[in-house]
């Protein structure tokens with residue numbers, strides 16, 4: 001059994017790092033783009049930990065569009081994960097509010113009850129308030145941040161197609 005010395009492994013690391021560094025910037029960018037394409041459906045944050053260069057490339061994509069759910073811990077964790085320079089990377093925030101199940105699932109043509117409307121409004125207001133508290137501490141970016149709001153109930157999947165509203 002051959003044991004590797006610390007010097008050899010350090011040499012290998014430096015040698016591999018230098019190989020990457022001597023590639024032209026355009027080639028390195030093409031490689032990073034191919035890594036991103038190959039990662040569809042996988043977590044890009046793993047790649048951001050490879051090096052500072054990879055971190056800058058992948059964080060720009062990771063933080064460009066934030067998908068937050070409420071209720072849940074997404075909004076509470078926003079300030080922990082998105083701070084400093086990462087705030088400038090955010091271009092769009094998608095906030096989805098999960099509503100309670102409806103009482104009258106089989107009565108699609110009937111309007112919501114006052115209690116249901118009140119509960120939905122309260123939940124949606126709570127979500128917005130919880131989101132705007134951390135956002136209020138951000139400095140105003142030059143191009144702004146787009147905010148997209150959506151809501152759904154687990155009961156929605158039981159609706160026949162002719163009663164569903166299509167997103168525009």
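Coordinate-derived values only; no laboratory data. Remember, predicted model here, so these are calculated numbers, not experimental data. Positions of Cβ are generated from backbone atoms using ideal geometry, with glycine treated the same way; all protein chains shown enter the neighbour counts.
Summary of computed values
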| quantity | calculated |
| --- | --- |
| Order by protection proxy (mean Cβ within 10 Å, highest first), peptides 64-75, 129-140 | 64-75, 129-140 |
| Projected area, mean over directions - the range 52-143, Cα convex hull, nm² | 8.1 |
